[in-house]
Amino acid sequence: MPRIASIAIAQPAHLFAQARAREFCRALFSGAHTDIERLLEVFENAAIDERRVSVPIEWFSRQHTFAEKNALYIEKALALSERAARDALAAAHLAPGDIDHLLFVSSTGVATPSLDGRLMNRLRFSPHMRRTPIWGLGCAGGAAGLARAAEWAELSAGSNVLLIAIELCSLTFQREDLSKSNLVATALFGDGAAAVVVRSEARENGGGGHARSEARESDGGAAAGSDPAHGRPGPRIVASRSTLFPDTEDVMGWDVNDAGLKVLFSRDIPVIVRRFVRENADEFLAEHGLTLQSVRHLIAHPGGVKVMAAYEEAFGLEPSALRHAREVLRSAGNMSSPTVLFVLERFLADSSVRPGDWGLLTALGPGFSSELVLLRW
């Protein structure tokens, strides 16, 4: 069964304090909204202190073409992805050439060759390494990428799979878009990257494992599934479930216009969480002989304060159950796909997590969709 061997996170250099973001939006949006002071309350209600973005704040005061934004996305995303990948590989005691499959998740820019292919010119991956770029899953991308990484690792025993999830949400900002949705997005979203190494143990009796992986372990390298960054084994990835709710395309996503990617999300997201997400999780857990009471750790993507409140209500949680999600939101904002992996990174370092504990990783995205991943330490 695949196991998380390591995880690493990376953020860009520019700090975007929430108070400064509020004043920026006051100046930009006040001419379009007579109730601007009421709308600006979203900055306090978001429970975010600061975020990291890929460009200085002065960049947002000018209009930029889609081509300009996308060129910056390619440049900045490659650098941040490389940093996260190097740290995750080092934590797993692996070299780039040990990776059998690279999954690259992102939805905030476009590139062909895809960024995973361009990354091969920065890291010495094998030229025969398999690559799978995944685009368009938005906030669900980190969870979906982890599930796909586990599936591939399980199919190829003894393999090493590297997942990279990166979003530069700040570069999608459209200065000419004075809608309430864009104002709310400016209060919520930040930039970040996460990289996860998923390993499967080699089967005995020549069952398809890679000889170099076995040799590395016999030479004193990291055992399959170890997490050297935190000094203890990472959790096994037991199962996953993807769910697409019908007739919900307008809940979350992008509208593509001449200026690039225009944010789209509905205020109905917390309602959907309350109405559908608990039932979906109950069905998934029942398939594995579990109930929600069996799960000690809920590793939730912190889409926002209202979404987390909806999770607490639907799952009957105490506020402390989502403490790691709230802390990621407070210190980094919603970074879309890598955010849930930032939360997972905190669980891997949490001394209260014990061997035998079950964890449920959950994220929601465009479609409208749900991704669930069942973990066991």
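The values are calculated or read from the model by the stated rules, or taken from the named source; none is laboratory data. Remember, it's a predicted structure, so these values are computed and weren't measured experimentally. When we count neighbours, we look across all protein chains shown, and the Cβ atoms used for this are built from the backbone with ideal geometry, even at glycine. Ligands, DNA and RNA are stripped out before the accessible areas are found, and what is left, the full protein with its side chains, is counted by its heavy atoms. Shrake-Rupley method; radii C 1.70, N 1.55, O 1.52, S 1.80 Å.
Odds and ends about this structure:
- Look at the range 71-82: where a residue is within 14 Å of GLN11 (Cα to Cα) and a partner is charged (D, E, K, R) and open to solvent by 40 Å² or more (accessible area, probe 1.4 Å), sitting 6+ places away or on another chain with Cβ atoms under 8 Å, you get LEU78/ARG118; LEU78/ARG122; GLU82/ARG122.
- Extreme residue, most open to solvent (accessible area, probe 1.4 Å), among residues of the range 36-72 that are over 16 Å from GLY304 (Cα atoms) and among the polar types (S, T, N, Q): GLN63
- Restricting attention to the range 336-354 and to residues that are in contact (Cβ under 8 Å) with a residue 60 or more places away in the chain and either closer than 17 Å to VAL251 by Cβ or part of a loop (DSSP other than H, G, I, E, B) (or both), the residue that is most open to solvent (accessible area, probe 1.4 Å) turns out to be ALA349.
- Pairing residues of the range 355-377 that are at positive phi with residues that are part of a strand (DSSP E or B), at Cβ distances under 7 Å and at least 6 apart in sequence or on separate chains, gives GLY367/LEU244.
- Residues in the range 287-334 that are in a helix (DSSP H, G or I) and more than 24 Å from GLU167 (Cβ to Cβ): LEU292, GLN293, SER294, GLU312, GLU313, ALA314, PHE315, PRO319, SER320, ALA321.
- Filtered residue count, the range 293-329, keeping only those that are without any contact (Cβ under 8 Å) to a residue 12 or more places away in the chain and under 21 Å from the mean Cα position of the chain (by Cα): 2
- All conditions but one from (1) touching a residue at least 24 places away in the same chain (Cβ under 8 Å); (2) open to solvent by 30 Å² or more (accessible area, probe 1.4 Å) apply to ASN182; the one that does not is (2).
- Residue ID - farthest from LEU360 (Cα to Cα), chosen from residues in the range 297-330 that are open to solvent by 70 Å² or more (accessible area, probe 1.4 Å) and modelled with pLDDT of 95 or more: ARG330
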